[in-house]
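S.K.: There's a structure below that I have some questions on.
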Amino acid sequence: MTFNDLGLSPEVLRAIEDAGYQTPTPIQEEAIPFVLMGRDVLGCAQTGTGKTASFTLPMIEILASGRSRARMARSLIMTPTRELATQIAENFETYGKYHKLSMALLIGGVSFEDQNAKLDRGVDVMIATPGRLLDHFERGRILLTDIKILVIDEADRMMDMGFMPDVEKIVSLLPPIRQTLFFSATMPIEIRRLADKFLMNPKEISITPKTAAAETVKQFLATVENKDYVKRDTLRKLIRSEDIDNAIVFCNRKRDVDTLNRSLQKHGFKAASLHGDMTQPARLETLEAFKNSDTQILVASDVAARGLDLPKVSHVFNFDVPLHAEDYVHRIGRTGRAGREGRALTITTSADKKFLAAVEKFIGKKIEFISIEGVEETDAIIERPQSVRRKKGSTKKTPERKGRATKQKSEKISKETSPLRDSGGPAIEKRPKGNSSKPSSKPQRKPEPIEGDIIGMGSHVPAFMLRSCTDKDE
Ligand code: AMP
């Protein structure tokens, strides 16, 4: 498919050609015709898929007819951050260069006066962060009753940053008859509920990020005990054993970002944290320090790192296995430089079985183990996610025997296969075949219940639990 097939005008096509784009990306192919038809769109796509052009290009077409009135914008794009708002504004300038559309960028850090002057003249496109938009509204500087198109971009990130109450308030001030385009990189249940509330019969588009990035990145797993201090210790050992230029360490929870950062700093690493609760200037300052190599390790949450112009890094460490498999691909895609392969190392515990299995399914391959010098073998090798529960009466190895067996195997494999041995790095262990059926090396660990088992009932299930809820009492 070419851009000519999408129903765009010659002016927009010329601007696309000037931008040097040859073919539309999948989300552009799918979304543009529906936006031009006036349909609502629910897009599950992240930065890098070309999603911005998927809504800016058709919006330029739609807004080309009609005129704005003073203080009444005709379209509104809400984004979580200033950077994203600025990028969208740049997109409008690039693709709208042969149109005369007016635009206002309502973000913090820019004087209200300049923004007011623009709004007073009337704008076709208003690009705003929710807080600044509400400020303008509450000061009586804008009317939202003429909004025909609403775009909510990076909805999951807005939620993570605590903007959703503001977003809901703003949406309640808009005319109910409008076109709404809603984008989110992930679609957890809370986001889905909001989408159902804001959209009418939307065209749903889901773009799976390419897993190709994963091919250029060497990926490893370090399996340890599910204790934060063990994970932190493992991370330090991993960092020390790798030849690092700079690295991003991803955590699943915001609160862990600061804790881990403090711990790394305490152990002498040049680390800094990046998460959604930080003020804009603090985030920019942190990024600048990372880009200048004043900071070597950036500890970040997914949402804070998404959409930011981070330099390519030599290493990505996943302090936790991400809860959404696609985030894994996004995280490891931060590594890899010209002439040098990226390395992504993920710390995993028995608690991550389900998520690790989802990641491996998503990338379509198993991730290799890495054994870490200084981490006890008993900690380093535990059950694989696919492990089967040991049957009653099966012969148990004693902890000593088991430790010895594991160690011997690990040494053998690392001598034979480790590409890092020569450079003094850690032994890289190939996933031992059939490892999944081995008993856990943690002798005290209770076998985890297999999904579907009824716990604590023995083989007897009381009759009342087996009765269907529609059965009537006799
Ligand atoms: P986005 O996902 O909107 O952040 O876009 C990611 C990058 O892809 C931006 O730098 C765009 O300029 C670029 N881009 C968008 N559409 C295309 C296209 N059809 N062909 C090539 N590059 C594109």
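The values are calculated or read from the model by the stated rules, or taken from the named source; none is laboratory data. Keep in mind it's a predicted model, so treat the numbers as computed, not measured. Cβ placement follows ideal geometry from the backbone for every residue including glycine, while neighbour counts extend to all protein chains displayed. Surface areas here come from the heavy atoms of the whole protein model, side chains and all, with no ligands, DNA or RNA. Shrake-Rupley method; radii C 1.70, N 1.55, O 1.52, S 1.80 Å.
S.K.: Only one of (1) among the small types (Gly, Ala, Ser); (2) in a loop (DSSP other than H, G, I, E, B); (3) crowded, with 19+ Cβ neighbours inside 10 Å fails for residue 222. Which number is that?
M.R.: (2)
S.K.: May I ask you to verify whether residue 71 is at pLDDT 95 or above and surrounded by fewer than 20 Cβ atoms within 10 Å (Cβ to Cβ)?
M.R.: For residue 71, the condition - at pLDDT 95 or above and surrounded by fewer than 20 Cβ atoms within 10 Å (Cβ to Cβ) - is not met.
S.K.: So which of 317, 369 ends up being among the aromatic types (Phe, Trp, Tyr), touching a strand residue (DSSP E or B) at 6+ places or on another chain (Cβ under 7 Å) and at pLDDT 90 or above?
M.R.: Being among the aromatic types (Phe, Trp, Tyr), touching a strand residue (DSSP E or B) at 6+ places or on another chain (Cβ under 7 Å) and at pLDDT 90 or above holds for just one of 317, 369, which is 317.
S.K.: Counting only residues that are open to solvent by less than 40 Å² (accessible area, probe 1.4 Å) and polar (S, T, N, Q), which one in region 276-302 is modelled with the lowest pLDDT?
M.R.: Of everything passing the filter in region 276-302, 280 is modelled with the lowest pLDDT.
S.K.: Let me ask another. So, of the residues in region 100-110 that are free of Cβ contacts under 8 Å to residues at least 40 places away in the same chain and surrounded by fewer than 16 Cβ atoms within 10 Å (Cβ to Cβ), which turns out to be farthest from residue 73 (Cα to Cα)?
M.R.: Step by step, filter region 100-110, then rank; the result is 110.
S.K.: Got at least one residue in region 20-30 being more than 13 Å from the ligand (Cβ to nearest atom), open to solvent by less than 20 Å² (accessible area, probe 1.4 Å) and assigned to a loop (DSSP other than H, G, I, E, B)?
M.R.: Within region 20-30, not a single residue is more than 13 Å from the ligand (Cβ to nearest atom), open to solvent by less than 20 Å² (accessible area, probe 1.4 Å) and assigned to a loop (DSSP other than H, G, I, E, B).
S.K.: If you check 97, 118, which single one turns out to be open to solvent by 20 Å² or more (accessible area, probe 1.4 Å) and closer than 26 Å to residue 50 by Cα?
M.R.: Answer to the check: 97.
S.K.: Considering each of 83, 113 in turn, give the residue that is free of Cβ contacts under 8 Å to residues at least 24 places away in the same chain, open to solvent by 20 Å² or more (accessible area, probe 1.4 Å) and farther than 22 Å from residue 30 by Cα.
M.R.: 113
S.K.: Give all pairs with beta carbons closer than 6 Å in which a residue from region 131-158 that is closer than 16 Å to residue 72 by Cα meets a residue that is open to solvent by 60 Å² or more (accessible area, probe 1.4 Å); count only pairs at least 6 apart in sequence or on separate chains.
M.R.: 142/71; 143/71
S.K.: Related question: Given the conditions (1) more than 11 Å from the ligand (Cβ to nearest atom); (2) at negative phi; (3) surrounded by fewer than 21 Cβ atoms within 10 Å (Cβ to Cβ), and given that residue 38 satisfies all but one, which numbered condition is not satisfied?
M.R.: It is condition (2) that residue 38 fails.
S.K.: OK, next. Looking at 52, 47 in this structure, which one is in a loop (DSSP other than H, G, I, E, B), open to solvent by 10 Å² or more (accessible area, probe 1.4 Å), within 30 Å of residue 281 (Cα to Cα) and polar (S, T, N, Q)?
M.R.: Among 52, 47, only 47 is in a loop (DSSP other than H, G, I, E, B), open to solvent by 10 Å² or more (accessible area, probe 1.4 Å), within 30 Å of residue 281 (Cα to Cα) and polar (S, T, N, Q).
S.K.: Only residues that are at pLDDT 95 or above and part of a helix (DSSP H, G or I): list them for region 106-130, please.
M.R.: 130, the sole residue that qualifies.
S.K.: All but one of (1) among the polar types (S, T, N, Q); (2) open to solvent by less than 50 Å² (accessible area, probe 1.4 Å); (3) modelled with pLDDT of 95 or more hold for residue 172; state the number of the condition that does not hold.
M.R.: (2)
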